[in-house]
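What follows is calculated from the coordinates using simple rules that are stated; it is not laboratory data. Since the model is a prediction, treat every value here as computed from it, not as a measurement. Ideal geometry is used to build each Cβ from the backbone, glycine not excepted, and the neighbour counts take in all protein chains shown.
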Amino acid sequence: MKTRHIAAAIGAAFALAAHAQDARIDRKVADLMKQMTVAEKVGQLHQLSGRQFTGPTSSAYADKLADIRAGKVGSMLNVTGVADTREIQALALQSRLKIPLLFSLDVIHGYKTVFPVPLGEAASWDMEAIELSAHIAAREAAAAGIHWTFAPMVDVARDPRWGRVMEGAGEDTYLGSQIAAARVHGFQGRKLGATDSVMATAKHFAAYGAAIAGRDYNAVDMSEQQLHEVYLPPFKAATDAGAATFMNSFNTLNGIPATGNAMLQRDILKGAWKYKGFVVSDWGSVREMVPHGYAADLSDAAVKAINAGSDMDMEGYAYTQHLEAAVKAGKVKMATLDDAVRRILYKKFELGLFDDPYRYSDAAREKAVLSDQSHRTAALDVAQKSIVLLKNENKLLPLPREAKRIAVIGPLADSQRDLEGGWVVQGERAKVVSIVEGIRSHAGKAEISYAQACAPGCASSEGFADAVATASKADVIVLAVGETWDMSGEAKSRTDITLPGQQEALFSALKATGKPVVVVMLAGRPLVFNTIADKADAIVYAWFPGSEGGNAVANVLFGDYNPSGKLPITFPRSVGQIPLSYAQYNTGRPVTDEKNVVYKSAYIDSVNTPRYAFGHGLSYTDFKYGGLTLSSPKLAGTQKATLSFDLSNSGKVEGTEIVQLYLRDMVSSVVRPVKELKGFQKVHLKPGETRRVSFTIDRDTLSFFNSQLKWGAEAGDFHLMVGSASDDIRLSAQLEYLR
Ligand code: NOJ
């Protein structure tokens, strides 16, 4: 048998086995459900928070424990560690039907080993590294009793005022979809139920990233085109990757709260996409339909949410208090309740919890896995890959080993907490490598001096004079500034995304010494820093890089790692330009180079271009693009064309380039963006090396959500562009599509 045939036979055998398992689990679920009262069924849909976090509407902890014993709770969030999960699971096993609980937690970028924040990791454009980071997070969490993480967040986000841009993959649908799949695979592994994996959650369904003015929890109004084309594909990618659960979102979408949105949850997710997992509400989002003005009271909210497809109620108390009566009153069909219960019980069986409710809570495994040093190596690897070199005047970086005196200055230079970023669960703060510590241990013979200048937040300039005195004695200054860890994330929207406090003034004071200044910036979002962008000699954007952050930054500064990260989100020049994406429309009055054109789509006080474009990121080497060929200038039906070109490393050190493929559909039934990312590859080259890089173009590449509200490609001309960034296109070609 040929290998291909063997692979097909193995694939078919797996599919059969999976099918048999599906049927077996379906039977077990059905048997169990026959024994359940309506109250017990409703119990499976009720999720409560453990004692670490309780919201204003939470019930008392003792009442929660009593409810678990009574079989009125299906899942707990925020209960962590083997000891606690065992203790709480034991209570569930005292209930009549002994149905185990699901333990869930926000494991967003690591459990004990802290990885870069998700937006940072997205800058690596490295699916293997991202998958590994999610896998390690899952391995650690699963060893500590957790079955289920509320990640990945796959919301496309184009407004950096929104603090939650930090939790996602940035502004782009294509890149975001790839990352969504990588993260789901990483968290879940190939098959649910392995004790080194957890269930993933694709959140927040849907369009949460488009909240008005970047204000958290806010309303979203958007066209069907935008929804289907820009915001939904990463969710579809997550379902295709097998995401076990979905979380809905706090926002309304065109007037309907996502939690009560039947079009999203019932018609699209469970209907068109045939999704088999379950949907959990966001925290209290069922009850929030009352203040939204969409439900009259909590009972009405319960009815609207479950009928729209929300299966589990997180800390909302709507289902537990009102569903039983609603079923009796005929407002909710028994079949609807059963469907939600079935979906949840299915996952409990799939995870093996009925065979052993404690299988994730093994003290010996917890100890061994949480001290696995290889996790730090992976954290360093992805942190390096996430760093974006924004600017490098006169090739100041990498710093030569023989640099004699380096002054490390700044409010975040010796911070450990700020390197971790938000959403940290069990991170060992004391073991986070700070930037100055990383520099000290990588600097060889160079003499390192340090001055903080001001505390994080940089409210006072009292320490500036001392810092300037320290810096004046050095050959080069490394300045570590940025947002503090708690300035991005949930409910952390900002109207002003400049560097907080007096950090730009600190930069100016240091720059006035005449010494070269390298700025290392930490943040969970794109910041605005115009003075630094204009005047710094080099800028290294490190996001919140995690436990190994200081080592990652130092490796980049000294050239032990040649930076390769590219921005996954546009950096504006000012808040006034927001929203700003490379995938913009042309308008009928595009900006041209022609002088004296007044009536164009522009500002009178700023250019339209961003400070740093999507896809931007420098390297210590140079890459040349050339020799573009397109296998055919015309493409018909389902044919494929190949676009190829030569990429050469024309510099002196080895390096990795992320080559990007964009396209523009020139004329169509709905106007198309001037550029859309359609492919990318990470190519590592030695100095002098050349490699032929190819992309396949087919109907899918050319498709969009058209005027008939359907996916498809329309006949006509397409402009294909290959480059190093969305604003640095090096090669292009024309393609005609014939249907
Ligand atoms: C609210 C957040 O929106 C969501 O992302 C998170 O998973 C839940 N709280 C649970 O902590």
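With the convex hull drawn over the C-alpha atoms of segment 623-738, the volume per residue is 86 Å³. From the alpha carbon centroid of segment 440-468 to that of segment 597-661 is 38 Å.
In terms of surrounding Cβ atoms within a 10 Å radius of their Cβ, Val425, Val517 rank from fewest to most as Val425, Val517.
Rank Ala446, Ala302, Thr587 by how far each Cα sits towards the positive end of the charge dipole of the chain (+1 on Lys, Arg Cβ; -1 on Asp, Glu Cβ) and give me just the farthest. Of the options given, the answer is Ala302. Between Arg429 and Glu393, full extension at 0.36 nm per residue minus the direct alpha carbon distance yields a gain of 9.5 nm.
Between Val38 and Thr629, what's the calculated FRET efficiency when r is the beta-carbon distance and R0 is 51 Å? Round to 0.05. The calculated FRET efficiency here is 0.15. Relative protection proxy for 77-90, 27-40, 313-326, from highest mean packing down: 313-326, 77-90, 27-40 (other beta-carbon atoms within 10 angstrom). For Ala182, what is the net charge nearby, where nearby means another residue's Cβ is under 10 Å from its Cβ and Lys, Arg count +1, Asp, Glu -1? Surrounding charge for Ala182 is -3. Label sites at Glu87 and Arg405, each approximated as a point 7 angstrom past Cα along Cα to Cβ, lie 5.6 nm apart. Taking the convex hull of the alpha carbon positions in segment 227-353 and averaging its projected area over all directions gives 7.8 nm². Taking every DSSP helix (H) stretch of at least 4 residues in the chain, weighting each as -39,500 (n - 2.57) and dividing the sum by the residue count yields a mean residue ellipticity at 222 nm of -9000 deg cm²/dmol. For segment 163-267, the Kirkwood estimate of the hydrodynamic radius, built from every pair of different alpha carbons, is 14.2 Å. Across the chain, the relative contact order, built from alpha-carbon pairs under 8 Å that are at least six residues apart, equals 13 percent.
For the chain, the longest principal axis of the C-alpha atoms and the axis of helix 298-308 are separated by about 80°.
Coordinate range of the alpha-carbon atoms in the chain per principal axis, descending: 77, 64, 62 Å. Can you compute the FRET efficiency between Ser472 and Thr498 using 1/(1 + (r/R0)^6), with r the Cβ-Cβ distance and R0 = 22 Å? Round to the nearest 0.05. In this case the efficiency is close to 0.25. Each pair of Cα atoms in segment 379-557 enters the Kirkwood radius, and Stokes-Einstein at 20 °C and 1.002 mPa s then converts it into a translational diffusion coefficient of 135 µm²/s. Sparse packing (at most 12 other Cβ atoms within 10 Å of the Cβ) combined with a DSSP loop state is found for the following trypsin sites (Lys or Arg not before Pro) in segment 143-227: Arg190, Lys191.
Placing one equal scatterer on every Cα of segment 479-532 and applying the Debye formula, the log10 ratio I(q)/I(0) at q = 0.17 Å⁻¹ is -0.54. Within the shell of other residues whose beta carbon sits under 11 angstrom from the beta carbon of Ala129, the net charge comes to -3, with Lys and Arg scored +1 and Asp and Glu -1. Compute the whole-percent fraction of alpha carbon pairs in segment 436-524 spaced more than 17 Å apart. Within segment 436-524, distances greater than 17 Å cover 52 percent of Cα pairs. Projected onto its three principal axes, the C-alpha set of segment 378-473 covers 41, 32, 26 Å, listed from the longest axis down. Modelled label positions at Arg190 and Asp717, each set 7 Å beyond Cα in the direction of Cβ, lie 4.8 nm from each other. Take the Cβ atoms of Ile212 and Asp727, set R0 to 25 Å, and the FRET efficiency comes out at 0.35. Our estimate of slack between Ala465 and Asn586, defined as 0.36 nm per intervening residue step minus the Cα-Cα distance, is 38.7 nm. With each pseudo-label sitting 7 Å past Cα toward Cβ, what's the Ser650-Gln708 distance in nm, one decimal? Placing both labels 7 Å along Cα→Cβ, they lie 4.7 nm apart.
Each of Met521, Met199, Met334 has some number of other Cβ atoms within 10 Å of its Cβ, and from fewest to most they run Met334, Met521, Met199.
Residues His684, His46, His19, ranked from the fewest to the most other C-beta atoms within 10 Å, line up as His19, His684, His46.
Compared with the alpha-carbon gap, the fully stretched path from Lys535 to Ser508 is longer by 8.9 nm at 0.36 nm per residue.
Entry note: segment 47-105 has Rg to Rh equal to 0.93, where both radii use alpha-carbon atoms and Rh is the Kirkwood radius.
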